[in-house]
Amino acid sequence: MAPIMNTQQHDPLGWHGTTILCVRKTGPDGKTQVAMAGDGQVSMGQTVVKNNARKVRRIAGGKVITGFAGATADAFTLLERLEAKLERFPDQLERAAVELAKDWRTDRYLRRLEALLAVADKDRSLLITGQGDVLDPEDGIIGIGSGGNYALAAARALMTVDGLTAEEIAKRSMTIAADICVYTNGRFIVETL
């Protein structure tokens, strides 16, 4: 018989409540739009603690949009580090992300941080993890957090609908995720490039 896994080990307070979705789509005019959306709900156990958290932000002078899932203080620490890397490597999001992932993986302090980052600029959309991963999704869609997989699936289906912009796909997908995931609400912040 397999041992029972303690799901509270990495989340002792039972914090939940993030859905982040990044959608990259090229329109019929040949221009690419990137939209990142995040819900506002933060829950502790079965209680909604906050409805209007801002989990999607612009950094690097507005050239990069970011979304985070996980511990808020950890995510802010990582966003500050990413912004410092972008100052060191201007307009090189991939290089800055790789440098952050290397630090995150090897630094004793950073290694303990529990968060995921979705980041995008005009050219790339990336998922950065604490395991040293910098992933560039081949379909241009990233979904993270409690409702991330629901939003991701909805966005993949909506990408085939003609005439929808990246922002419209992100909003509709987040609405679907909010209808399914109890840790996701309908108060979205959407940033576009």
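Within the range 78-94, can one find any residue that is farther than 19 Å from ILE189 by Cβ, touching a residue at least 12 places away in the same chain (Cβ under 8 Å) and either within 14 Å of the chain's Cα centre (by Cα) or assigned to a strand (DSSP E or B) (or both)? Among the residues of the range 78-94, not one is farther than 19 Å from ILE189 by Cβ, touching a residue at least 12 places away in the same chain (Cβ under 8 Å) and either within 14 Å of the chain's Cα centre (by Cα) or assigned to a strand (DSSP E or B) (or both), which makes the answer no. Only one entry of ILE141, ILE176, ILE180 meets the criterion of being touching a helix residue (DSSP H, G or I) at 6+ places or on another chain (Cβ under 6 Å), aliphatic (A, V, I, L, M) and surrounded by 22 or more Cβ atoms within 10 Å (Cβ to Cβ), and that entry is ILE141. Restricted to the range 18-71, the set of strands (runs of 3 or more DSSP E) holding at least 2 residues that are in contact with a strand residue (DSSP E or B) (Cβ under 9 Å, 6 or more places away or on another chain) and either modelled with pLDDT of 95 or more or of a type in the set (Lys, Arg) (or both) comprises 19-26, 32-38, 56-59, 64-70. Would you confirm, using the coordinates I've provided, whether ALA154 is buried (at least 19 other Cβ atoms within 10 Å of the Cβ), farther than 27 Å from LEU78 by Cα and not basic (Lys, Arg)? Taking the combined requirement at face value, the residue satisfies it.
The values are calculated or read from the model by the stated rules, or taken from the named source; none is laboratory data. Just so it is clear, the structure is predicted and the values come from calculations on it, not from any experiment. When we count neighbours, we look across all protein chains shown, and the Cβ atoms used for this are built from the backbone with ideal geometry, even at glycine.
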